[in-house]
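The values are calculated or read from the model by the stated rules, or taken from the named source; none is laboratory data. What you are looking at is a predicted structure, and each value in this text was computed from that prediction instead of being measured. Don't worry about glycine lacking a Cβ; one is built from the backbone with ideal geometry, like all the others, and counts go over all protein chains shown. These accessible areas exclude ligands, DNA and RNA; they are computed on the full protein's heavy atoms, side chains included. Shrake-Rupley method; radii C 1.70, N 1.55, O 1.52, S 1.80 Å.
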Amino acid sequence: MSDSFDLVVIGSGPGGYVCAIRAAQLGLKVACVEKDNTLGGTCLNVGCIPSKALLSVSEKYEQAAHQFGDLGIDVGKPRFDLKKMMTHKEKVVGANTQGISFLFKKNKVTHIIGLGTITAPGEVEVTGKKIQAKNIVIATGSESTPLPGVNVDEKQIVTSTGALSLPHVPASMAVIGGGVIGLELGTVWQRLGAKVTVIEFLDRILPGNDMEVSKEMKKILSKQGMEFKLSTKVMAAEKGKDKVTLTLQPSAGGTEEKLDVETVLLAIGR
C-alpha cells in the first residue's frame, strides 16, 4: 500500500510541526512522521516545557523555604511532594502535546507514527510502508552529546531526559557542562536539596553568552549554594552501588582528583 503527499515532514518538534501545519494551511497535502507516540519532539516532551515546569515549582518551594519569612509571611517549614511535582510536569507536557494533535486534525495534517527512512528520491518508508512525497523536510532535531568515559544509563548517569524524572532527590549531583541545560536542571535539584557541583571544561559557565551574563549568573548560583569546578575535564566515570566516582583533570595540567556523587548529569550540549 502506498500513499502520496505533497510534503512529508520527518520529525514533529518545533521545526517539524510548525512546518507541517503552515504547509497544510497553504494548501498542500501534508504528512508528519514521528517515531515517538507523542508530538512535539524534545522541546515539548523532554526539553524546554518540562524543565520550565520544574523550574517554576522548585522556585516557589525555595521562596517559601527561604524568602517568605523576610517578607513577613510565615508558612512554617514547607515540604514538597516530588511525585505530585512530576504529575504537574506531565500535565503541562500533555496539554502542549495534545494541542499539537488538535492543530494537526484542524489543518488536516496526517500524523504517521514510526521511524521514517528516506529510501529513494521522493520516498519515505515508515515501518515497512512506503510513502511517496513530492517534497521532504528533515526536522529530526538533536540528541544529547555523548562524552567518552561517561556511560549514560539514565539512572546513575543521566542526560537531561533522565534528570527530568529522577525518582528521588539525590544527596549530591555533578553536572558535567556549564551551559543552559545543565544549570537549569542543576538548579531544580539544588533547590530541592541536592548538593550540586558543576564541572565545566572552559574557564566560565554559559560560555556561549555575554561575559557579564556569565559572571553574574555564577555569582547568583554560588550564593544559592552551587559549587563550580571550571577549567576542568572529566576523564572517566566509574559507577558503584550507590555512587559515581568521577576522575577530574584540570585543563592546565596538575593533579587529578576524584569526586564522589550520587547522580551525574551529562549536559555538554546537543
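The numbered conditions (1) open to solvent by less than 60 Å² (accessible area, probe 1.4 Å); (2) at pLDDT below 95; (3) under 29 Å from GLY269 (Cβ atoms) are all true for ASN45 except (2).
Have a look at ALA65, ALA31, ALA53 and point out the one that is open to solvent by less than 20 Å² (accessible area, probe 1.4 Å) and without any contact (Cβ under 8 Å) to a residue 60 or more places away in the chain.
Details: ALA65 fails: open to solvent by less than 20 Å² (accessible area, probe 1.4 Å); ALA31 fails: without any contact (Cβ under 8 Å) to a residue 60 or more places away in the chain.
Checking each option against the conditions leaves just ALA53.
Considered as a group, the residues in the range 80-102 that are out of contact with any Leu (no Cβ under 9 Å at 6 or more places or on another chain) and of a type in the set (Val, Ile, Thr) include one that is least open to solvent (accessible area, probe 1.4 Å), and that residue is VAL92. Among the residues of this structure, GLU184 counts as one that is among the acidic types (Asp, Glu), closer than 22 Å to GLY13 by Cα and at pLDDT 95 or above. Of the listed requirements (1) loosely packed, with under 12 Cβ neighbours inside 10 Å; (2) at pLDDT 95 or above; (3) not polar (S, T, N, Q), GLY128 misses just one: (2). Within the range 13-24, residues that are in contact (Cβ under 8 Å) with a residue 60 or more places away in the chain have Cβ atoms under 6 Å from residues that are part of a helix (DSSP H, G or I) and surrounded by fewer than 19 Cβ atoms within 10 Å (Cβ to Cβ) in these pairs: GLY13/CYS43; ILE21/LEU103, counting only partners at least 6 apart in sequence or on another chain.
Looking at the range 10-43, which of the residues that are under 12 Å from GLY141 (Cα atoms) and among the hydrophobic types (A, V, I, L, M, F, W, C) is nearest to the chain's Cα centre (by Cα)? So, considering only residues that are under 12 Å from GLY141 (Cα atoms) and among the hydrophobic types (A, V, I, L, M, F, W, C), the one nearest to the chain's Cα centre (by Cα) is CYS43.
Tallying residues that are touching a strand residue (DSSP E or B) at 6+ places or on another chain (Cβ under 7 Å) and either within 11 Å of ALA31 (Cβ to Cβ) or not in a loop (DSSP other than H, G, I, E, B) (or both) within the range 115-135 yields 14.
Those helices (runs of 4 or more DSSP H) of the range 1-106 in which 1 or more residues are among the aliphatic types (A, V, I, L, M) and over 15 Å from LEU164 (Cα atoms) occupy 14-25, 48-66, 82-106. Among the conditions (1) within 22 Å of the chain's Cα centre (by Cα); (2) surrounded by fewer than 11 Cβ atoms within 10 Å (Cβ to Cβ), the only one that LYS77 does not satisfy is (1). Residues that are open to solvent by less than 30 Å² (accessible area, probe 1.4 Å) and in contact (Cβ under 8 Å) with a residue 60 or more places away in the chain within the range 108-125 comprise VAL109, GLY114, GLY116, VAL124, listed in sequence order.
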